[in-house]
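So the structure is just underneath, and the comments pick up after that.
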There are 2 protein chains.
Amino acid sequence: MNCSLAQTLEVVGERWTMLILRDAFFGIRRFEEFQRRLGIARNILSARLSHLVNEEILERHSVSPGGKWAEYRLTAKGKALQPALLALVQWGDYWYPNEDGLRVEFFDRRSDDPILPIRAYSQEGEALEPRDIGARPGPGGPKNIVAKK
Amino acid sequence: MNCSLAQTLEVVGERWTMLILRDAFFGIRRFEEFQRRLGIARNILSARLSHLVNEEILERHSVSPGGKWAEYRLTAKGKALQPALLALVQWGDYWYPNEDGLRVEFFDRRSDDPILPIRAYSQEGEALEPRDIGARPGPGGPKNIVAKK
């Protein structure tokens, strides 16, 4: 399917894959830590980490002489998923609120202030409502996209 | 799992569900149109649409007297998924480029200009790099989140 979303979901659309990425953004780097936090079966975790390494979203680094310890670090391609992940987390936090309040707060490490909600902006920096945003085929696009009413 | 992302993926983490939502943002509203565009089996489409209606992401409206024709329209909760979907599409377009160029271009319907890439911003409106963004437990959060290094 000539579609970026279908393509993206092939790579990161799987539930464990997204949760591993979330933890990678939280600074988790080692197999044992992912395993403990996620409570995921070791063979599944191993398969998902390999998949993310093959897709160049994580990079495996040996951090002990014999290669016994390895760290999985986000690549630039992996880091580029952060806005999508943040948007999904924020959506869940807003629409399925926990009675105790926000579960995770994302903050600007330089100022310590919470970041703004992820949303679309115009070239002029105005926040756009869903109705303001249209979609049209680009040069490499399918011809059957209709403009949003 | 006390996690907004896990919760979110329960609701919208399924591939067809996301592709249906993408088409809903493109203005698609009718069963037959979704079916034709996605090439999805009718029973699966029917199940996914019901799921999205149950989750109050789409609303079903009868648009003919006998209720034969129905439209599925995005609710406010559904529309709120747009930043996440845009971010996923943009990521796919950037990292899996089509040789002919951009597949879909999202534009500001008022100015006709492309929208900015979806990304995180500080309260002051500065674009944030992944390394600038930390995560900490909110009042309703788990206690095992570590700050991103």
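Readers should treat all values here as calculations from the given coordinates under stated rules, not as data from a laboratory. Source: prediction; values computed, not measured. Positions of Cβ are backbone-derived with ideal geometry, glycine not excepted, and every protein chain shown enters the neighbour counts.
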Query - Mean separation of Cα contacts under 8 Å, 6 or more apart, over the residue count of chain B: relative contact order % - result: 15
Requested in this report: Specify whether the C-alpha gyration tensor of the protein assembly as shown places it in the rounded, prolate or oblate class, a ≥ b ≥ c being the square roots of the eigenvalues: rounded for a/c under 1.5, otherwise prolate if a/b is larger than b/c and oblate if not.
Outcome: prolate
Report summary line: Listed with the fewest Cβ neighbours within 10 Å leading, A:Val104, B:Val11 appear as B:Val11, A:Val104
Query - Euclidean distance of C-alpha centroids, segment A:3-21 and segment A:78-113, integer Å - result: 18
Report summary line: With only helices counted (DSSP H, runs n ≥ 4, each -39500 (n - 2.57)), the per-residue ellipticity at 222 nm for chain B, to the nearest 500, works out to -11500 deg cm²/dmol
Report task. Please list, in chain and number order, the residues 5+ apart from A:Phe107 or on another chain whose amide H is under 5 Å from its amide H, with Hs placed from the backbone. Result -> A:Ile115, B:Gly134, B:Ala135, B:Arg136
Query raised in the report: Taking other Cβ within 10 Å of each residue's Cβ, how do A:Asp23, B:Asp93 sort, fewest first?
Result: A:Asp23, B:Asp93
Requested in this report: Would you mind listing how long chain B runs along its three principal axes, going by Cα atoms, in whole Å with the largest first?
Outcome: 58, 41, 29
Query raised in the report: Between copies, how close do the B:Asp100 label points come, placed 7 Å along Cα→Cβ, listed in nm from shortest?
Result: 5.2
Requested in this report: Give the nm distances, rounded to one decimal, from B:Lys68 to the matching residue in every other copy, measuring between label points 7 Å along Cα toward the beta carbon; shortest first.
Outcome: 7.4
Requested in this report: Please identify every one of the GluC sites (Glu not before Pro) in segment A:18-92 that sits in a loop by DSSP and has no more than 15 other beta carbons within 10 Å of its own beta carbon.
Outcome: A:Glu56
Query raised in the report: Tally Lys/Arg at +1 and Asp/Glu at -1 over every other residue whose Cβ is under 15 Å from the Cβ of B:Ala70; what's the total?
Result: +3
Query raised in the report: Distances from A:Gly27 to the same residue in each other copy, label points 7 Å out along Cα→Cβ, in nm, shortest first?
Result: 4.8
Requested in this report: Would you pull out the residues with amide H under 5 Å of B:Leu74's amide H, same chain only if 5 or more places away, H placed 1.01 Å from N?
Outcome: B:Glu59
Requested in this report: Could you tell me which of A:Pro97, A:Tyr121, A:Thr17 has its Cα farthest along the dipole of segment A:4-132 towards the positive end, charges placed at Cβ (Lys, Arg +1; Asp, Glu -1), taken about the Cα centre?
Outcome: A:Thr17
Report task. Quick one: what are the phi-derived ³J(HN,Hα) couplings along segment B:99-115, Karplus 6.51/-1.76/1.60 with θ = phi - 60°, whole Hz, x for glycine and proline? Result -> 4, 7, x, 3, 7, 10, 10, 9, 9, 7, 5, 7, 10, 6, 7, x, 6
**Report entry** Residue order, fewest to most beta carbons within 10 Å, for B:His51, B:His61
**Finding:** B:His61, B:His51
